[in-house]
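**Student:** Handing you this structure, nothing more for now.
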Amino acid sequence: MASSIENNNEKLTLKSSDGEEFLVEKHVALQSTLLQNMLDSDCSSADVIPLPKIDARTLALVLGYCKKHADASSSKQGELNSFDSEFLKDMDMGALFNLVLAANFMEIKGLLDIAAQKIADTIKDKPHQEVREIFHVENDYTPEEEAAVREENRWAFEGFP
Amino acid sequence: MEVFDVDHGSTPSFDYLFKDVTYYANQSVSWYQSLDSLPDPSPMLPKGGGRGAGGQHGVAYDALLDNQGGDEITSTKEENKKSDANNKRRGAENKVEEEEEYWIWFKLPRDLQISIMRSISSFDRDYRNIRAVCRRWRSLAPPLRWIPDSEAIRYPWLVSFQIEDGIFNFYDPTSDFTYEMNTGASNPGILSSCEGWLLLAEGERSIYMLEPFRKITIDLPLVPKHFDNLNGHFFAIDKTTTCYHFTRINCTSSGQLRNLEFSSKRAAWARYSINGISFLSSWNNLVIFRGCVHCLDQVGRLGCIRTVGNRPTWVVLNKSQQLSFPSKVWQNFLVSFKDKLMSVIVGNSGGWVHVLKFNFSSLEWEQVDSLENLVLFVGRTSIAVEAEEERLRNKIFFPVFKKADGNNIIFYSLESGRFHSFKSENSYLDFHDSKDFKILSNCTWIQPGLIPTFR
């Protein structure tokens, strides 16, 4: 633990896909397993770490999340939970998708979980036609197949031995 | 109490009753075989999956499919359709390219798609919608497999029978989803349920048990001749590991209390008549509590049949207590939970609802103001469950539906003193108006001994 306190003031630079640089405290960056592994494997913290898949807008959001979670002590779980729900509130689907991709790439499990759950929640209580529109998914079922899938729900126990 | 007569019938095959269900538990059988014969967009996906095949993200077969590209969907349907679909898909992609920076679902890696799908509970109706979206979504959400599991489904379903279609409906009140099942029954009277079994009557004397989820039927000997029509009567089922026991208590027009019993041990019906006791059994379910059948009368007296020595004896526990209610009692229900015996007493059309708890020391009913974390499902079989979800706590579900908003079940909240439904902000003082509410009569709550799973 002593070393992490010692390193508290160390900073590293992350570079987004669109070339913007972010100066980040090391303990904040450690929220990301990817960055943690890079630092552990002796990448110099003086280097700029490029994140070619993440744009500046998304990276700013990700780092905001990491900072909150790195700074909060474990006793403040309730506060973190309300931060999490507030953090994703009103976020549009495009931003959510970028966030999921970024959290997946940077291996930030907590953020990945809440963003995935938030996307899943948008499916809630919506008919499948509407879900197709929201997610821009094309219906590639033949009418017969689609009818069969719907019947699947109707006759739920029919095939049970 | 006198034994009137004993009617011996043929011995039913009780082997089925006690068959070890672990055999089923170890199988995960897809319940909709014909769907699996549809062309699968991901040919490497093992058909039928298997229990425990799925992990959080790192499912073996998922990893294989990780790099599945956008154009890899193959269909075994006619080639024409396929190329049509491809053209359409290309069209769709062009559109996306035009809208720069716009996201599309299939840009997400497959393991992310799967983890998003897995965030949706298999108990939710939304899960069932996923499979209807498109082929690839269908492959992301494997068909639910129903595995026998006595612990899995926390809340009971309401089972009713649709005469027009000849099918059973199983309504899950927590997800507002109805499952349907055809068993070939013509017009069964639903009498009672116990641990996933239904007690059903066809006609006046024929009675049988049905385990609807595995479709096991046990025919019971005909009910003794010259006995009242079974339909509309209540039965208590006592299930132990070695036998089943049904009891019915009814009151003849001359005020005589009668008790009809069936025991699988003897494979025979027995009926008793209880003389000289004024006990007008009311329209309510019977309940087995501490091994005895309990029954309420119209003024809240609690009768029970105890076995003293070898003889069943009738006892009224709260002889002296007089209960008074705001108006005439419409229905009352008995429901037990662990060491608690409660009754739910309902005025006409739900105009008032009282919950009482029986105090076995003072032998009196006591008013209950809050059920705390319990949720009650009352009807021909009444079931109490400790609710995990806040929205279900301190509520009572009746087999009553609000016709607007797609036929939703209504429930009484002890906190608000009103009836509510999950689909609407409105609340109701009662369910008097038959234009707005539908009361199901031929139905009962059943605890499904199954779990839907895709893991």
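**Student:** Taking the range B:162-188 on its own, how many of its residues are more than 11 Å from every other protein chain (Cβ to nearest Cβ), open to solvent by less than 30 Å² (accessible area, probe 1.4 Å), touching a strand residue (DSSP E or B) at 6+ places or on another chain (Cβ under 9 Å) and at pLDDT below 85?
**Tutor:** So the answer is 1.
**Student:** For the range A:136-152, enumerate the residues that are at pLDDT 80 or above, farther than 30 Å from A:GLY94 by Cβ and part of a helix (DSSP H, G or I).
**Tutor:** A:PRO143, A:GLU144, A:GLU145, A:ALA147, A:ALA148
**Student:** Could you tell me how many of the residues in the range A:105-122 are at pLDDT below 90 and more than 11 Å from B:SER119 (Cα to Cα)?
**Tutor:** Residues meeting the conditions: 1.
**Student:** May I pose another question? Test of understanding: among B:ARG271, B:ARG258, B:ARG266, which residue is modelled with pLDDT under 85, within 23 Å of B:LEU220 (Cα to Cα) and touching a Ser or Thr at 6+ places or on another chain (Cβ under 6 Å)?
**Tutor:** Matching residue, one of B:ARG271, B:ARG258, B:ARG266: B:ARG258.
**Student:** Test B:ARG248 against the stated conditions and say whether it is modelled with pLDDT of 80 or more and open to solvent by 30 Å² or more (accessible area, probe 1.4 Å).
**Tutor:** In short, no.
**Student:** Given the criteria polar (S, T, N, Q) and either open to solvent by 10 Å² or more (accessible area, probe 1.4 Å) or touching a Cys at 6+ places or on another chain (Cβ under 9 Å) (or both), does B:SER320 qualify?
**Tutor:** yes
**Student:** Being buried (at least 16 other Cβ atoms within 10 Å of the Cβ), closer than 27 Å to B:GLY291 by Cβ, charged (D, E, K, R) and at pLDDT 80 or above is the requirement here; does B:GLU211 meet it?
**Tutor:** When the stated conditions are applied, B:GLU211 passes them.
**Student:** A further question on this structure: Considering only the range B:400-414, state which residues are at pLDDT below 95 and either outside any strand (DSSP E or B) or not aliphatic (A, V, I, L, M) (or both).
**Tutor:** Result: B:PHE401, B:LYS402, B:LYS403, B:ALA404, B:ASP405, B:GLY406, B:ASN407, B:ASN408.
**Student:** Exactly one of (1) open to solvent by 10 Å² or more (accessible area, probe 1.4 Å); (2) in contact with a Pro (Cβ under 8 Å, 6 or more places away or on another chain); (3) at pLDDT 85 or above; (4) under 30 Å from B:GLU389 (Cα atoms) is unmet by B:CYS194. Its number?
**Tutor:** (2)
**Student:** I would also like to ask the following. Out of (1) surrounded by fewer than 17 Cβ atoms within 10 Å (Cβ to Cβ); (2) free of Cβ contacts under 8 Å to residues at least 40 places away in the same chain, what's the single condition that is false for B:GLU415?
**Tutor:** (2)
**Student:** Shifting gears a bit: Going through the range A:102-141 one residue at a time, which ones are open to solvent by 60 Å² or more (accessible area, probe 1.4 Å), more than 19 Å from the chain's Cα centre (by Cα) and acidic (Asp, Glu)?
**Tutor:** A:ASP125, A:GLU130, A:GLU133, listed by residue number.
**Student:** Report whether or not B:CYS304 is under 29 Å from B:PRO173 (Cα atoms), more than 22 Å from the chain's Cα centre (by Cα) and modelled with pLDDT of 85 or more.
**Tutor:** So B:CYS304 does not fit the description; no.
**Student:** Name the single residue, out of those in the range A:27-53 being modelled with pLDDT of 90 or more and in contact with an Asp or Glu (Cβ under 7 Å, 6 or more places away or on another chain), that is least open to solvent (accessible area, probe 1.4 Å).
**Tutor:** Result: A:SER32.
**Student:** State all residues of the range A:97-110 that are part of a helix (DSSP H, G or I) and either over 17 Å from A:ALA56 (Cβ atoms) or at the interface with chain B (Cβ under 8 Å from one of its Cβ atoms) (or both); if no residue qualifies, say none.
**Tutor:** Within the range A:97-110, A:PHE97, A:ASN98, A:VAL100, A:LEU101, A:ASN104, A:LYS109, A:GLY110 qualify.
**Student:** From the residues in the range B:140-156 that are open to solvent by less than 10 Å² (accessible area, probe 1.4 Å) and at pLDDT 70 or above, which one is farthest from the other protein chains (Cβ to nearest Cβ)?
**Tutor:** B:PRO156
**Student:** Residue under question is B:ILE396, and the condition is that it be open to solvent by 20 Å² or more (accessible area, probe 1.4 Å) and of a type in the set (Val, Ile, Thr); does it hold?
**Tutor:** Criteria not met by B:ILE396.
**Student:** B:ARG391 fails exactly one of the following numbered conditions: (1) within 24 Å of B:ILE190 (Cβ to Cβ); (2) outside any loop (DSSP other than H, G, I, E, B); (3) modelled with pLDDT under 95. What is the number of that condition?
**Tutor:** Going through (1) within 24 Å of B:ILE190 (Cβ to Cβ); (2) outside any loop (DSSP other than H, G, I, E, B); (3) modelled with pLDDT under 95 one by one, B:ARG391 breaks only (1).
The values are calculated or read from the model by the stated rules, or taken from the named source; none is laboratory data. Only a predicted model underlies this, so the values are computations on that prediction, with no experimental measurement involved. Here Cβ is always computed from backbone atoms with ideal geometry, including for glycine, and neighbour counts include all displayed protein chains. Areas reflect the complete protein model, heavy atoms only, side chains present, ligands, DNA and RNA absent. Shrake-Rupley method; radii C 1.70, N 1.55, O 1.52, S 1.80 Å.
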